[in-house]
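Below you'll find the structure, written out as structure tokens, and then a few comments.
Any read-out appearing in this document is the output of simple, stated calculations on the displayed coordinates, not a laboratory observation. Quantities reported herein were computed from a predicted structural model and do not represent experimental measurements. With ideal geometry, Cβ positions are generated from the backbone for all residues, glycine too; neighbour counts draw on all protein chains shown.
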Amino acid sequence: MTTDSKDTKRPEWVPTNPGTEYTTKVMKGVSTGNSKPEQKNGWQPTRPELSIAAYVSGVTGGDRTVLGRAITLIESNSNRHIKMAQELLKALPSDSDNTLRIGITGVPGAGKSTFIEVLGQKLIAKGHRIAVLAIDPSSTLTRGSILGDKTRMEELSRSDQCFIRPSPAGGTLGGVTRKTRETIQVCEAADYDVIFVETVGVGQNEVVVRSMVDFFLLLKIAGAGDELQGIKKGVIELADAIIINKADGDNITAAETARADFQRALHYLAPATPGWTSNAFCVSAIEYTGVTEIWEVILKFFEHTRTHQIYHKRRQSQRREWMHAMLVDFLSDRFYKNPTIKKMIPLLEEAVENGTIPVTEAVQKLLKLHQ
């Protein structure tokens, strides 16, 4: 389409003489003058980067904005940010002996977010400060969060005594993110004394969270077709308590039947925590029934673990497993960033696809390059 001289900047999709009959009009833009900051390499940070001292001051001082930025720094895969994150974690207070770490897992639709919101409001009323680390399924394309639990805990998110952080799992197995342990430490440094870790909830591989928390709670629902699956070992043998949620309305009888089934199953399994008897309970988060009783169970559990020195031993074990997890991440990252290996991988992938060499030989070649 041709344009005259006075219309040289008019896009081709705009009519020559647009009138009121057209929905789309060309409006005069707002001149920014010289207000736009000079950019370097096509990118300019929207806000200044904080120093380690500023992060520490903000986190320990109760600034939730700085806390969120600190977690973002920790979750970053940038080499510079990784180094800063390690400095930050070293500068922050480490394990607190007065915090309760509670892992919550269950299939999607079991009501994990609703249960956390109801229990969280009760705890805040009792004077607790809570943090909710909600691990969401990730988009396979963007690795970003799909569900966004923060939007489902609407009432709880309004409280100044609660911090909710949705984070994408990013393809990490086990229902948590690679940096969940570090995030727990930062939240505890910010004086949150009850930490909820809500897993993705996509199957029976939600077991990594067991190595991060003190109390592990499994949510089930009656009539979902997974009663027999639940009786199998899987994740059930790791639970310190099982909740049959949504025990309300016409579902009460079915929920009680499911509770009895899981109670019998627990009887044949070794306890997840030495000396502690795991039990199954019926709860209705929407009708607020059974929630207070679950908190009383959790308090009895912590009294038991502290009395029998299990609490501190479990925290020591968590730090040990954290070290090994970080070691695996570091070695994997170092391997795939090796320039020689990066060049060789596409060639070996093609050879494996074409059947030129077996997979085992391709792996051995890559490992030798790393030596």
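Put simply, when 304-314, 185-195, 66-76 are sorted by average Cβ atoms within 10 angstrom per residue, most first, you get 185-195, 66-76, 304-314. Close amide H partners of residue 214, meaning residues 5 or more places away or on another chain with modelled amide H under 5 Å apart, are 101, 102, 103.
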